């Protein structure tokens, strides 16, 4: 799904916050009027949590191969001002690299390991930043996500007061919004796992071509606490991106829609305008529009299974309903398994983006709507 980047991995580094002075919650509230805080007198006891230097675990290097397996500082809630600045840097990254799809996938795959049947954190998986470690990046379902980490790491280095768990979810939601999708009602303050041994085991993420696609999707997403409507709504994010056979084993090396970019050429997209978020995924599957558009077994089943089909049909006809349901499902997914610190979760105020203009797509051999 991502632009093809150098696969040179991230060199080992200590993911410790740079030195800065503590900021009290009250002064932070006064200095950031654009943020919406839910707090009480009890929350004031957490004022020291806004300093990422406090309650830090010892950062000891455990280098293994090319990727960093360095323990992360046990941050409290991410710094709101740094979150806002990081979001602006992500927007610039999206404009220059056309990396919307892989950043969406990064957030999803960090959160999508959640198991509602496991209470303990971080064993339950979910949005906890564990995907930065090599052991999890090597899971088959995460093939190619090292490219996303290479893209996002400079922003993490610049904003050390933002946790990986928050940064992954911020990047995912921002990518949806900047591609013309709905505003996602996001929350921030996720705590990072601190070491590779806290990563989930392999096998918790969906497979593209299981023997029984409907049963497989329900098995994976019901384990996360999601329902049929949310499964279908989230499937609609395939309106963005491409599948590359060298990573997933699915799709064509290139098509008339991908051979000239935008971004690095190649792969097979689900939709014609694969950097524009809309409901064309549902329209194109329903119409069986074009053999150059990808339809995986887990895509076609949403129009075959009776329960899934109700929502797929609705979303093909009504983009507004799709956007509403998608935004709610994305926000829910982004919070799965997360441990928020402080418990009074802070919402990053949404900034209205300028009207989205889809990038130029190759017009040779294809008809654009």
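The values are calculated or read from the model by the stated rules, or taken from the named source; none is laboratory data. Here the structure is a predicted model, which is why all the values come from computation and not from measurement. Here the Cβ is made from the backbone with ideal geometry for all residues, glycine too, and neighbour counts use every protein chain on show.
Looking only at region 93-128, count how many residues are touching a helix residue (DSSP H, G or I) at 6+ places or on another chain (Cβ under 9 Å) and either under 12 Å from residue 169 (Cα atoms) or assigned to a helix (DSSP H, G or I) (or both).
Of the residues in that region, 20 qualify.
Keeping to region 211-226, report how many residues are in a loop (DSSP other than H, G, I, E, B) and under 19 Å from the mean Cα position of the chain (by Cα).
Within region 211-226, residues that are in a loop (DSSP other than H, G, I, E, B) and under 19 Å from the mean Cα position of the chain (by Cα) number 3.
Assuming residue 150 fulfils every condition listed in (1) surrounded by fewer than 24 Cβ atoms within 10 Å (Cβ to Cβ); (2) out of contact with any helix residue (DSSP H, G or I) (no Cβ under 7 Å at 6 or more places or on another chain); (3) in contact (Cβ under 8 Å) with a residue 12 or more places away in the chain; (4) outside any helix (DSSP H, G or I) apart from one, which condition is it?
Among (1) surrounded by fewer than 24 Cβ atoms within 10 Å (Cβ to Cβ); (2) out of contact with any helix residue (DSSP H, G or I) (no Cβ under 7 Å at 6 or more places or on another chain); (3) in contact (Cβ under 8 Å) with a residue 12 or more places away in the chain; (4) outside any helix (DSSP H, G or I), the lone unmet condition for residue 150 is (4).
Among the residues of region 273-290 satisfying the criterion of being buried (at least 23 other Cβ atoms within 10 Å of the Cβ) and part of a loop (DSSP other than H, G, I, E, B), which is modelled with the highest pLDDT?
Here the answer is 277.
Right, residue 314: within 17 Å of residue 214 (Cβ to Cβ) and without any contact (Cβ under 8 Å) to a residue 12 or more places away in the chain or not?
For residue 314, the condition - within 17 Å of residue 214 (Cβ to Cβ) and without any contact (Cβ under 8 Å) to a residue 12 or more places away in the chain - is not met.
Any residue that is outside the structural domain of residue 120 (by the TED database), in contact with a helix residue (DSSP H, G or I) (Cβ under 6 Å, 6 or more places away or on another chain) and more than 25 Å from residue 289 (Cβ to Cβ) - is there at least one of those in region 231-240?
Scanning region 231-240, I find no residue that is outside the structural domain of residue 120 (by the TED database), in contact with a helix residue (DSSP H, G or I) (Cβ under 6 Å, 6 or more places away or on another chain) and more than 25 Å from residue 289 (Cβ to Cβ), so the answer is no.
Filter region 193-208 for residues that are over 16 Å from residue 105 (Cα atoms), in a loop (DSSP other than H, G, I, E, B) and in contact with a helix residue (DSSP H, G or I) (Cβ under 6 Å, 6 or more places away or on another chain) and give the result.
193, 199
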